[in-house]
Amino acid sequence: MGGLLKSSVAKKFAMALSGLFLVLFLAQHFTINLTSVISPDTFNEISHFMGTNFVVQAILQPILIFGVVFHFIMGFVLEIQNRNARAKSYVSYNGSANSSWMSRNMIYSGAVVLAFLGLHFYDFWVPELAHKYIESHPEDATRYYGELVSKFVSPVRTGLYVVSFVFLMLHLLHGFSSSFQSMGVNNKYSEGIRKFTVGYAIIIPLGFIFIAAFHYFNNL
Amino acid sequence: MKLTLKIWRQENATAKGKMVDYNIDGIDGDMSFLEMLDVLNEGLVNKGEQPVEFDHDCREGICGSCSLQINGEPHGPDKFITTCQLHMRTFKDGDTIVIEPFRAKAFPVIKDLIVDRTAFDRIQQAYGYISVNTSGNTIDANTIPIEKENADDSFNAATCIGCGACVAACKNASAMLFTSAKVSQFALLPQGEVEADRRVLAMVEQMDKEGFGNCSNTGACELECPKGISLENIARMNREYLKASVK
């Protein structure tokens, strides 16, 4: 088992596994957010459940935080190793001749998504923690929709969210399908998996963009 | 054909090295890239200058010796060929061609365009073989039935000539395609299956020790490989490695 923690293959496997976990989380996050467009009451209900349920708060949330932190730390570790593996750069390097921009720039698309996470936590998670554990508010199961909508009044913030989702799309376009290869899956189903991952990588971020834009225009 | 060549010149392994411009004339489209360099070197020698050192041997695309990064791609712009099979008709009169050695920390430059690829030998030596007693009791391999698909995949993996284009093309200088081809060619056959676990662990360990980068699955190696070694081999090696690690 020792080899699983130190080799290049193992690191990529762990990276893929944490990535797939985050992809699953994205689908769940998107589904809940979508209800804010369809029914504010449903959105409030689900948000209240997620914010107060013991299993979600005490078990799933720490796992999610670990997954996010692990994914970006491992991303930077791999990037440093990869840069060290080519001590001297080429004068002429035609990367576009043999690989996609997305696959060569995962660290940059990932860094933008990470910066976005900082903004997103500042917008939602920090106020939520303050609301629950610092300020002493009476429990209010109807506050979530209003808090969400208030974040999309600013065109600058909405724009930042949209740009971040575009980078998330670029990250997923390579990362999702690549994770299967890292886990050793490359067979007759791979083409189907690739099509599914490309569809997912486009639809989910576009969906997030739609939700942000919907609330912005709804506020006008 | 008149060309401008920008070539990496480096006196020895410890020297700094730099790009040097050369103008060359009278190049025929039917010349191979290496023949063009021969013409350049003849001119340099006649002028009393040091010729440009580059690796070459068979000049038939099978030995894996030639190893040039040409205009940002290993073995140049054409696909599924080695540098020796690249012909000057690929270029136009007046073109500028940038020629560099394969770059990787694990492939240090020896002189000019020659790099030390013995890291590949050490990966191969780590377990790129099967342990067979050949002292008079050898069993003919053809007596063991093998699924055609496995035999074909194994053969395809075995066509790797170890030129290092995969490392040169990879943005991370990863040697996963080379190592996985060597792992696969044995893992797919009954003779190699016996030691498959030990083999994959040893070869990956050696690959990491040599300082190659990690695989980002960009697919550049597969596209630049003169033998078209498939990414399926990397997935197979990942599977074999993970399986062997948890045993």
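The values are calculated or read from the model by the stated rules, or taken from the named source; none is laboratory data. This structure is a prediction, so every number in the text was calculated from the model and none was measured. For neighbour counting, all protein chains shown are included, and Cβ atoms are generated from backbone atoms with ideal geometry for every residue, glycine included.
Structure notes:
- Residue match in the stretch B:184-199 (condition: touching a residue at least 12 places away in the same chain (Cβ under 8 Å), more than 7 Å from chain A (Cβ to nearest Cβ) and closer than 25 Å to B:Pro101 by Cα): no
- Just one of the numbered conditions (1) within 12 Å of chain A (Cβ to nearest Cβ); (2) part of a helix (DSSP H, G or I); (3) touching a residue at least 12 places away in the same chain (Cβ under 8 Å) is not true of B:Asn217: (2).
- Count of the stretch B:132-145 residues, restricted to those that are surrounded by fewer than 10 Cβ atoms within 10 Å (Cβ to Cβ) and either part of a helix (DSSP H, G or I) or in contact (Cβ under 8 Å) with a residue 24 or more places away in the chain (or both), is 2.
- Breaking point among (1) surrounded by fewer than 21 Cβ atoms within 10 Å (Cβ to Cβ); (2) of a type outside the set (Val, Ile, Thr); (3) within 7 Å of another protein chain (Cβ to nearest Cβ); (4) part of a loop (DSSP other than H, G, I, E, B), for B:Leu223: (4)
Yes or no, residue by residue, for (1) in contact with a Leu (Cβ under 7 Å, 6 or more places away or on another chain); (2) touching a residue at least 60 places away in the same chain (Cβ under 8 Å); (3) surrounded by 13 or more Cβ atoms within 10 Å (Cβ to Cβ):
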residue	(1), (2), (3)
A:Ser136	no, no, no
A:His174	no, yes, yes
A:Gly192	no, no, no
A:Gly199	no, no, no
A:Ile211	yes, yes, yes
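- Every listed requirement among (1) closer than 23 Å to B:Thr159 by Cα; (2) modelled with pLDDT of 95 or more is met by B:Leu113 save one, (1).
- Scanning the stretch A:60-119 for residues that are part of a helix (DSSP H, G or I), more than 20 Å from A:Lys6 (Cβ to Cβ) and facing another protein chain (nearest Cβ under 7 Å) yields A:Gly95, A:Ala97, A:Ser103, A:Arg104, A:Met106.
- Against the test of being assigned by TED's automatic domain parsing to the domain that holds B:Ile123, on the phi < 0 side of the Ramachandran plot and at pLDDT 95 or above, the options B:Ala187, B:Ala173 yield a single qualifying residue, B:Ala187.
- Selection within the stretch B:190-243 - of a type in the set (Gly, Ala, Ser), at pLDDT 95 or above and more than 18 Å from B:Ala168 (Cα to Cα): B:Ala196, B:Ala202, B:Ala235
- Residue within the stretch B:65-78 that is touching a residue at least 24 places away in the same chain (Cβ under 8 Å), at the interface with another protein chain (Cβ under 9 Å from one of its Cβ atoms), among the small types (Gly, Ala, Ser) and under 19 Å from B:Glu210 (Cα atoms) present: no
- Residue match in the stretch B:37-52 (condition: closer than 18 Å to B:Ile97 by Cα, part of a loop (DSSP other than H, G, I, E, B), within 21 Å of the chain's Cα centre (by Cα) and not aromatic (Phe, Trp, Tyr)): yes
- Within the stretch B:1-19, the residues that satisfy the criterion of being part of a strand (DSSP E or B) and within 21 Å of B:Phe107 (Cβ to Cβ) are B:Lys6, B:Ile7, B:Trp8, B:Arg9, B:Lys18, B:Met19.
- Figure legend. Inter-residue proximity from the stretch B:109-128: first residues in a strand (DSSP E or B), second residues among the aromatic types (Phe, Trp, Tyr), beta-carbon distance below 6 Å, spacing 6+ or different chains. Indicated pairs: B:Val115/B:Phe102; B:Val115/B:Phe107.
This table checks each residue for (1) in contact with a Phe, Trp or Tyr (Cβ under 7 Å, 6 or more places away or on another chain); (2) within 9 Å of chain A (Cβ to nearest Cβ); (3) in contact (Cβ under 8 Å) with a residue 40 or more places away in the chain; (4) crowded, with 24+ Cβ neighbours inside 10 Å.
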{"residue": "B:Asn150", "(1), (2), (3), (4)": "no, no, no, no"}
{"residue": "B:Ile161", "(1), (2), (3), (4)": "no, no, yes, no"}
{"residue": "B:Cys170", "(1), (2), (3), (4)": "no, yes, yes, yes"}
{"residue": "B:Leu177", "(1), (2), (3), (4)": "no, no, yes, yes"}
{"residue": "B:Lys182", "(1), (2), (3), (4)": "no, no, yes, yes"}
{"residue": "B:Gln206", "(1), (2), (3), (4)": "no, no, yes, no"}
{"residue": "B:Phe212", "(1), (2), (3), (4)": "no, yes, yes, yes"}
{"residue": "B:Met237", "(1), (2), (3), (4)": "no, yes, yes, yes"}
{"residue": "B:Tyr241", "(1), (2), (3), (4)": "no, yes, yes, yes"}
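- Candidates B:Phe91, B:Phe120, B:Phe102, B:Phe107 - the one that is buried (at least 16 other Cβ atoms within 10 Å of the Cβ), over 19 Å from B:Asn172 (Cβ atoms), modelled with pLDDT of 95 or more and more than 9 Å from every other protein chain (Cβ to nearest Cβ): B:Phe91
- Failed criterion for A:Thr35 (all others in (1) hydroxyl-bearing (Ser, Thr, Tyr); (2) over 30 Å from B:Ala13 (Cα atoms); (3) surrounded by fewer than 16 Cβ atoms within 10 Å (Cβ to Cβ) hold): (3)
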